[in-house]
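Worksheet: one structure, shown below.
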Amino acid sequence: MQDPKPKDHREEVAVFRHGLIGELAVRDLSHGELSAELRRISGQRVRPPDCDNTRCYAVATLERWLYAFKRAGLDGLAPRGRADRGRGRELAAALRDLLCDIRRERPEVSVPMILRTLRADGRAGPEVTACTVRRMFAERGLHRSIDVADKAGTTRLRWQAERPGALWHGDICHGASFTVGTRRVPVRVHGLLDDASRYVVALRVFDNEREETMLSTFSQAIMEHGKPDALYLDNGSTYRGDVLRLVCARLGITLLHAKPYDAPARGKMERFWRRMRDEALSHIGQLASLAEIETSLRTWLSRFYHQEPHAGLVGRAPGKVFEAGDPKRVPEADLRDALTVRTRRRVRRDTTVSIDGTVYEVPLGYLAGHVVEIVTSLFDAAAPAIEIDGKRVSLRVVDPTANAQRRRPPKKPIPDAPRKPVDFDPACTLAATEEEDDDGNA
C-alpha cells in the first residue's frame, strides 16, 4: 500500500502545524504547564513544507494554532488565502486591467517583453516587477500559450526518429576567431548529431565552410559509426552541392533540407550548439590552433555530454542510447567508391589545371590543350589524379621556383613510323570534284 499524502499544499501545512501542537490538544494542562510546553516547542527548530531553511515559531503563534485546532480541527490549521488574491496589491487597477488584456490578446508574449514595452511607453514604472505580474496572471488563470502554428499555418509537433542511425542532423557553429601572427583565423565547428540518441557522431573544427570540408567530416562519421538512413541539413551552400547529393545517392542515404529561414525546425541541433557554447566553447580561452580547440571540445563531449542524463531522453545518457542501436556498417571499398568524384578539366598550355582554387601540374606535357578526367577521392584526402587509358596519374601542386630548374617535358608524344606507305592523296579527290563540275553534274 502506498503512503498517503496530503491532497494539496494547504493540507500539507495543516499537518505540519498539527505535528507541533497536536499533543497539547489532547492533554489536560494547567495554564502554567501549557505556557511551559509552548515555550519548549518554541525553542525547537523545524523545517516548514517547501522551505529550504529551518526556523522557530513564537509562543503566540503556537497558541493561536492550538485554539484554532480545538475550534475547527485540521481545517483550522490550514493557511488562509489573501483577501486580495489575484488583484496584485502593488498594481493600480487600470494597470492590472491593461496587463490582463494584453495577456488575453497576445498570450504568446513573455512577461519581460510586456513590461519592457509598457516601460518604454511610460505606462509602467520600475516598481512593477515580473514576479508580481506572473503571480497575478497565474492566480487569474492567464497562462502564457505559444501558438503551435507558425505564420505559414504549419503545426509543430515534438518528433523523434524511431532508432539510433535513422536520422542525422548536420550543421555548423561559428566560434570566436583567434589570432595567429597577424592573421585572424575563423573558427567553424562542423557537427553531426544522431536524432534518436542526441549522440554527436562527428565534431570537427576548421576555418571554412566548404563542401569538401563537410564531406570529410561526414565520411569520418560513416567510417566510425556506419551510415544513417537520412541526413537532415539546412539550406546553406555547404549542404547544397552536387557532390554531396551524389555521395548520398551512392550510399542510399536520403538527403533532406529544412525550409529556408525556419530555425525552429532545426531545434535539436540548435539546442546542442547552445549547450556546447555554455559549457565548453565559451570557456576555452585563447588557444594556438584549431586542433587544440577541437581536442578541448572532444574532451567535453566524451567526459560530460555523452555521459550525462539528457532531458530529451527522459534522463538517459546519449552514449548509452546510441550504443543500444544497430549501426549499418559500410565496407571500406564501397565507401571509397562512393566518395570518389570525377570532373572534367581542360589542361592549360603550361600543363596545369585548377581544382577548387588550387593549381596542379600535369606530368604528361603532351596533354596540354586536351580535356582530361580528374579523379578526386574524398575518402583519404589523396592528391587528385587524371585517369587516362585506365590508369591514374597523380597530380602535384605547382612549384614555380622548382620548375625554373627542371627540364621541360615533351609537349606531344613522338608518333611511331608507319610500317608501309599509306595510300592517301587528297589532291585526287579535288581533281575528281573539278571533273564533275565541268560535266554539269554537281
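Taken together, the values in this text are just the output of simple stated rules run on the coordinates, not laboratory data. Computed from a prediction, not measured in an experiment: that's the story for all the values here. Cβ: placed from backbone, ideal geometry, glycine included. Neighbour counts: every protein chain shown.
Take the chain, connect every pair of alpha-carbon atoms lying under 10 Å apart with a spring to form a Gaussian network, then pick out the residue of D389, D28, D334 with the largest mean-square fluctuation. Most flexible of the set in this elastic network: D28.
Over the chain, DSSP H runs of length four or greater, each weighted -39,500 (n - 2.57), average out per residue to a 222 nm ellipticity of -10500 deg cm²/dmol. Each Lys and Arg contributes +1 and each Asp and Glu -1, all at the Cβ; summed about the Cα centre of the chain, the dipole is approximately 2800 debye. Would you mind classifying the range 276-338 by shape? Square roots of the alpha carbon gyration tensor eigenvalues, ordered a ≥ b ≥ c; an a/c under 1.5 is rounded, otherwise it is prolate if a/b is larger than b/c and oblate if not. Note, shape of the range 276-338 comes out oblate. In terms of other Cβ atoms within 10 Å, D195, D425 run from fewest to most in the order D425, D195. In this structure, the amide hydrogen of L167, modeled 1.01 Å from its nitrogen in the peptide plane, lies closer than 5 angstrom to those of D195, A196, D229, A230, counting only residues at least 5 positions away or on a different chain. Below 8 Å between Cα atoms, with a sequence gap of 6+, how large is the relative contact order for the chain in percent? Once normalised by length, the contact order is 9 percent. Karplus-based coupling profile of the range 194-204, in residue order and whole Hz: 6, 5, 5, 10, 6, 7, 8, 7, 7, 8, 10, with θ = phi - 60° in 6.51 cos²θ - 1.76 cosθ + 1.60 and x standing for Gly or Pro. Angle between the Cα long axis of helix 130-139 and the longest principal axis of the chain, 0 to 90 degrees, nearest 10? Once rounded, one gets 70 degrees. Here the 3J(HN,Hα) profile of the range 106-115, calculated from phi with Karplus coefficients 6.51, -1.76 and 1.60 at θ = phi - 60°, is 10, x, 8, 7, 6, 4, x, 5, 4, 5 Hz, Gly and Pro shown as x. For the range 9-77, what class follows from the C-alpha gyration tensor (a ≥ b ≥ c being the square roots of its eigenvalues): rounded when a/c is under 1.5, otherwise prolate if a/b is larger than b/c, else oblate? Note, shape of the range 9-77 comes out oblate. Rounded, prolate or oblate for the range 93-139? Axes are the square roots of the Cα gyration tensor eigenvalues, ordered a ≥ b ≥ c, and the cut-off for rounded is a/c under 1.5. Since a/c stays below 1.5, the shape of the range 93-139 is classed as rounded. What the pair-distance distribution of the chain shows, using all Cα-Cα distances binned every 20 Å from zero, is 16, 29, 26, 16, 8, 3, 1, 0 percent. Distant-in-sequence amide contacts of H257, defined by a placed amide H-H separation under 5 Å and a gap of 5 or more residues or a different chain, comprise L233. In loop segments of the range 246-281 as defined by DSSP, the chymotrypsin sites (Phe, Trp or Tyr not before Pro) with at most 16 further C-beta atoms inside 10 Å of their C-beta are Y261.
Along the range 282-296 the Karplus relation, 6.51 cos²θ - 1.76 cosθ + 1.60 evaluated at θ = phi - 60°, assigns HN-Hα couplings of 6, 10, 6, x, 8, 9, 8, 8, 5, 5, 5, 5, 4, 4, 5 Hz to successive residues, with x for each Gly and Pro.
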